[in-house]
Every structure is written in structure tokens, then in C-alpha cells.
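A quick write-up on the structure given underneath.
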Amino acid sequence: MTVNDLINGALKGRGGFLESSNLFAVVGDIKTAELFVLNLQEFFTENLFRFSREESTDGVLIAAYPTEEQARECIDTMRANSHQAPGLILGSDWHILLGNSEKNALFAIPLAQYYVDYLASYLYKINSGNMALNIFDSLEAAEDSIDVIRYAIKGED
């Protein structure tokens with residue numbers, strides 16, 4: 001059973017995480033200012049792994065798109081205008097779960113707020129130490145996942 005299976009099982013009736021295996025992430029490296037496209041689920045999985053090992057990353061999620069082509073268009077738009085391109089994945093009540101391994105913290109914020117904050121972080125090369133771990137369809141589902149993740153990954157209550 002994967003961590004995502006554990007989380008989804010715990011969240012039945014309270015919403016769940018965004019199925020991201022067929023979605024694409026635009027990721028920015030804060031140190032090098034590189035932009036690249038990754039499978040969104042692989043990006044989240046790598047960040048969960050890093051969080052569980054108390055590691056950090058310089059890669060921040062800039063945007064998520066339903067197609068690889070839209071994600072690549074976003075990179076072109078970012079290079080020209082420093083903002084995300086149309087087609088951004090965003091639900092009105094969606095929240096993103098963030099983890100900070102240095103502070104051993106997990107918390108959720110609205111996805112729209114995340115996009116604005118982390119685009120600025122990328123542009124100004126500010127690393128908050130927070131890693132995007134998953135996107136949820138409600139704040140309750142994101143908050144519920146915190147205990148599950150702590151238990152499944154960190155072995156804590």
C-alpha cells in the first residue's frame with residue numbers, strides 16, 4: 001500500500017487528494033533559475049520522500065497543468081512575462097499540503113495563494129524550505145492528511 005493509498009483511505013467522506021499521475025508540473029529551481037516540466041505525481045512523490053528523510057529541495061512547484069504542452073507553454077510565458085500561462089489547474093476550494101523538513105512541519109494553504117507566493121519565491125530566489133506534497137479538494141482533506149502522513153512517513157503520532 002502506498003502513502004497515497006493510506007491518505008485516501010483515511011480521507012473518505014472528507015474529500016481527497018488530486019489524482020496527479022496524468023498531470024504536469026512546472027518546477028523552478030530557486031538557485032539556478034531553471035524551469036522544467038515533470039510529472040506532477042512524481043514531483044509529489046519525490047518531495048514526500050525528501051520530507052521523510054528530513055531533506056530539503058531547491059525545486060518549487062510553479063504551476064500544474066493538465067497537459068505537458070500547456071506546461072511547456074507556461075515555461076515560455078514565464079521566460080517572457082514572469083507569470084503562469086492559461087490553463088492552470090485550480091479549484092476554488094483546493095488546498096496544497098506543504099512540508100518543511102527542517103521545522104518538521106506540515107500545513108495547508110489555498111492553492112491560489114500558493115501559486116502567487118511561490119512564483120514570487122522563484123522570481124526572487126527565496127527558498128522557504130517548504131515542499132509541495134499534494135493538492136487536495138478541500139482544506140479538511142488536506143488537514144486530515146497531516147496526521148496520516150506523520151504516522152505513515154515519520155512514524156509519529
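The values are calculated or read from the model by the stated rules, or taken from the named source; none is laboratory data. Computed from a predicted structure; not experimentally measured. Neighbour counts are summed over all protein chains in view; Cβ atoms, including those assigned to glycine, are modelled from backbone coordinates with ideal geometry. The accessibility values were calculated without ligands, DNA or RNA, using every heavy atom of the protein model including side chains. Shrake-Rupley method; radii C 1.70, N 1.55, O 1.52, S 1.80 Å.
Taken together, L98, L123, L106 contain a single residue that is in contact with a helix residue (DSSP H, G or I) (Cβ under 8 Å, 6 or more places away or on another chain) and either closer than 14 Å to G59 by Cα or aromatic (F, W, Y) (or both), which is L98. Taking each residue of region 6-32 that is at pLDDT 80 or above and open to solvent by less than 70 Å² (accessible area, probe 1.4 Å) and looking for partners that are among the acidic types (D, E) and part of a loop (DSSP other than H, G, I, E, B) with beta-carbon atoms closer than 8 Å, six or more apart or interchain, yields F17/D137; L18/D137; G28/E34; D29/D58; I30/D58. The residue that is nearest to F24 (Cα to Cα), counting only those in region 90-110 that are assigned to a loop (DSSP other than H, G, I, E, B) and open to solvent by 20 Å² or more (accessible area, probe 1.4 Å), is L90.
L123: out of contact with any strand residue (DSSP E or B) (no Cβ under 8 Å at 6 or more places or on another chain), in contact (Cβ under 8 Å) with a residue 40 or more places away in the chain and either of a type in the set (A, V, I, L, M, F, W, C) or open to solvent by less than 60 Å² (accessible area, probe 1.4 Å) (or both), yes or no?
Numbers: out of contact with any strand residue (DSSP E or B) (no Cβ under 8 Å at 6 or more places or on another chain): yes; in contact (Cβ under 8 Å) with a residue 40 or more places away in the chain: yes; either of a type in the set (A, V, I, L, M, F, W, C) or open to solvent by less than 60 Å² (accessible area, probe 1.4 Å) (or both): yes.
When the stated conditions are applied, L123 passes them.
Considering only residues of region 64-80 that are in a helix (DSSP H, G or I) and in contact (Cβ under 8 Å) with a residue 40 or more places away in the chain, which is most open to solvent (accessible area, probe 1.4 Å)?
Ranking the candidates gives R79 first.
Farther than 23 Å from V27 by Cα and either assigned to a helix (DSSP H, G or I) or without any contact (Cβ under 8 Å) to a residue 12 or more places away in the chain (or both), is that true of Y151? When the stated conditions are applied, Y151 passes them.
Can you work out which of the residues in region 39-63 that are among the aromatic types (F, W, Y) and over 12 Å from the mean Cα position of the chain (by Cα) is most open to solvent (accessible area, probe 1.4 Å)? Spell out how you get there, then give the answer.
At the first step, the residues of region 39-63 found to be among the aromatic types (F, W, Y) are 43-44, 49, 51.
Among the residues that remain, those that are also over 12 Å from the mean Cα position of the chain (by Cα) are: 49, 51.
Values: F49: 101, F51: 0 Å².
My answer is F49.
Every listed requirement among (1) open to solvent by less than 20 Å² (accessible area, probe 1.4 Å); (2) more than 30 Å from E140 (Cβ to Cβ); (3) in a helix (DSSP H, G or I); (4) not hydroxyl-bearing (S, T, Y) is met by A85 save one, (3).
Any residue that is outside any helix (DSSP H, G or I), touching a residue at least 60 places away in the same chain (Cβ under 8 Å) and touching a Phe, Trp or Tyr at 6+ places or on another chain (Cβ under 6 Å) - is there at least one of those in region 54-61? Steps first, answer last, please.
Initial filter on region 54-61 (outside any helix (DSSP H, G or I)): 54-61.
Still in the list and also touching a residue at least 60 places away in the same chain (Cβ under 8 Å): 56-58, 60-61.
Now drop any that are not touching a Phe, Trp or Tyr at 6+ places or on another chain (Cβ under 6 Å), which leaves 60.
Yes, the conditions are met somewhere in region 54-61.
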